[in-house]
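The next block holds one structure in the form of structure tokens; read it before the comments.
The values are calculated or read from the model by the stated rules, or taken from the named source; none is laboratory data. As the structure is a prediction and not an experimental result, all values here were calculated from the model. Neighbour counts are summed over all protein chains in view; Cβ atoms, including those assigned to glycine, are modelled from backbone coordinates with ideal geometry.
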Ligand SMILES: Cc1cc2nc3c(=O)[nH]c(=O)nc-3n(C[C@H](O)[C@H](O)[C@H](O)COP(=O)(O)OP(=O)(O)OC[C@H]3O[C@@H](n4cnc5c(N)ncnc54)[C@H](O)[C@@H]3O)c2cc1C
């Protein structure tokens, strides 16, 4: 496995669980996009016109993560909390409220469930939300997990099951007859099959693909001092931009996210300003939130916006990427293609 983000680690777990011997190469395990992710498993809140397939792929994500967590636990790894709290979607101004109505139309056309709610009916759902917002739609199937917790559980489980960790970057991949050679730090290693899950990084030298990814940079902010744990995740359209907030344990709040078609892992002042302004407009109570940190990552986006599994069975390698805004949500599902591929190659 080349790449130890959420996709690579979930896949390594799946392969190692079937009795294969797996080696994970990554100079910074869990420090790619997975590190910045909010961890929302929110197929309904994420619907986009024309992306019904993507919605359907994501629909069972809470069930899949719960099953993965149980499996990890049975091997002595810590559990991963999957919190199915739903999403409340609201609009800031009249135009944003129209976007909420359009979102509801897309949900209906995909056969997804939601309900319209008034603030007076469920006031605690609107805890901390600006008084000028009096209604929204609620999608109860959505949930979230803490990506740090998920990555830690996967790393622990993999270590307990005897995976080999190599903290180095893979520089070259060379298919050679019945095996694949990896170039790592001036050395060569031979493997029966190689899976590449390097997120928004372009493909490793030596192999070629019809697929491509670009980086869509994003940041999430973490703070402490406002308790929304157990309440729905909040989503808002604010002056046309999307905003979201997840209430975690012990008054921790995570919100985001910026989206910039950029590669560099830096945060621009304007980007940060927009994010904070949107947050304070929708949730004025965040004014007194204690700042903890900002995390930035590069979402791996394919030209179609959909994930891909580019298999080269004759050369014994495959590239899995393009998970874009949904890599945490889709990671357990992504492992299925990988397992089928490796089993096919090794037959
Ligand atoms: C701000 C933000 C918020 C997000 N929120 C959500 C969310 O709420 N829900 C959701 O489902 N998704 C979310 N996402 C998307 C999600 O984070 C990504 O789709 C997902 O993390 C991609 O996982 P990955 O394992 O493919 O890539 P990454 O996590 O980027 O991991 C790739 C790994 O490959 C390693 N690597 C790269 N090149 C090499 C090499 N040559 N050799 C060895 N190792 C290499 C890197 O060090 C890295 O660890 C968010 C993303 C961002 C940026």
**Message:** Yes or no: segment 220-237 includes at least one residue that is within 22 Å of the chain's Cα centre (by Cα) and at pLDDT below 95.
**Reply:** no
**Request:** Read through the list (1) in a helix (DSSP H, G or I); (2) in contact with a strand residue (DSSP E or B) (Cβ under 7 Å, 6 or more places away or on another chain), then give the number of the only condition that residue 102 fails.
**Result:** (2)
**Message:** I'd like the residue in segment 313-330 that is part of a helix (DSSP H, G or I) and near the ligand (Cβ under 7 Å from one of its atoms) and, out of all such residues, is surrounded by the fewest Cβ atoms within 10 Å (Cβ to Cβ).
**Reply:** 324
**Prompt:** Are any residues in segment 285-312 assigned by TED's automatic domain parsing to the domain that holds residue 131, in a strand (DSSP E or B) and more than 14 Å from the chain's Cα centre (by Cα), and if so, which ones?
**Reply:** 290, 291, 292, 293, 294
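Please enumerate the residues belonging to segment 8-28 that are under 14 Å from residue 338 (Cβ atoms) and not in a helix (DSSP H, G or I).
From segment 8-28, those under 14 Å from residue 338 (Cβ atoms) are 8-18, 20, 22, 24; that's our starting set.
Selection gives 18, 20, 22, 24.
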**Message:** Quick check on residue 119: is it touching a strand residue (DSSP E or B) at 6+ places or on another chain (Cβ under 8 Å), modelled with pLDDT of 95 or more and either closer than 25 Å to residue 64 by Cα or not assigned by TED's automatic domain parsing to the domain that holds residue 4 (or both)?
**Reply:** yes
**Subset of segment 285-312 [under 18 Å from residue 254 (Cβ atoms) and more than 16 Å from the ligand (Cβ to nearest atom)]** = 285, 286, 287, 288, 289, 290, 291
**Prompt:** Residues in segment 154-168: is at least one surrounded by 14 or more Cβ atoms within 10 Å (Cβ to Cβ), within 30 Å of residue 233 (Cα to Cα) and touching a helix residue (DSSP H, G or I) at 6+ places or on another chain (Cβ under 6 Å)?
**Reply:** yes
**Prompt:** Which one of these is crowded, with 18+ Cβ neighbours inside 10 Å, more than 28 Å from residue 188 (Cα to Cα) and either within 15 Å of the ligand (Cβ to nearest atom) or free of Cβ contacts under 8 Å to residues at least 24 places away in the same chain (or both): 72, 68, 88?
**Reply:** 68
**Item:** Residue tally, condition part of a loop (DSSP other than H, G, I, E, B), within 9 Å of the ligand (Cβ to nearest atom) and either in contact (Cβ under 8 Å) with a residue 60 or more places away in the chain or not assigned by TED's automatic domain parsing to the domain that holds residue 160 (or both), over segment 29-60
**Value:** 8
**Message:** Checking the structure you have, find out if any residue of segment 201-208 is touching a helix residue (DSSP H, G or I) at 6+ places or on another chain (Cβ under 8 Å) and at negative phi.
**Reply:** yes
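Among the listed residues 7, 2, 24, identify the single one that is more than 7 Å from the ligand (Cβ to nearest atom), assigned by TED's automatic domain parsing to the domain that holds residue 180 and surrounded by 21 or more Cβ atoms within 10 Å (Cβ to Cβ).
Working: 7 fails: more than 7 Å from the ligand (Cβ to nearest atom); 2 fails: more than 7 Å from the ligand (Cβ to nearest atom).
None of the other options fit; the residue is 24.
If you check residue 279 against the conditions, is it buried (at least 21 other Cβ atoms within 10 Å of the Cβ), part of a strand (DSSP E or B), at pLDDT 95 or above and more than 12 Å from the ligand (Cβ to nearest atom)?
On the way: buried (at least 21 other Cβ atoms within 10 Å of the Cβ): yes; part of a strand (DSSP E or B): no; at pLDDT 95 or above: yes; more than 12 Å from the ligand (Cβ to nearest atom): yes.
So residue 279 does not fit the description; no.
Restricting attention to strands (runs of 3 or more DSSP E) lying wholly within segment 143-198, give those where 2 or more residues are in the same structural domain as residue 9 (by TED's automatic domain parsing), under 17 Å from the mean Cα position of the chain (by Cα) and at pLDDT 95 or above. Don't jump to the end; show me each part of the working.
Values: elements: 164-166, 172-176, 179-184, 187-191, 194-196.
By residue number, no strands (runs of 3 or more DSSP E) qualify.
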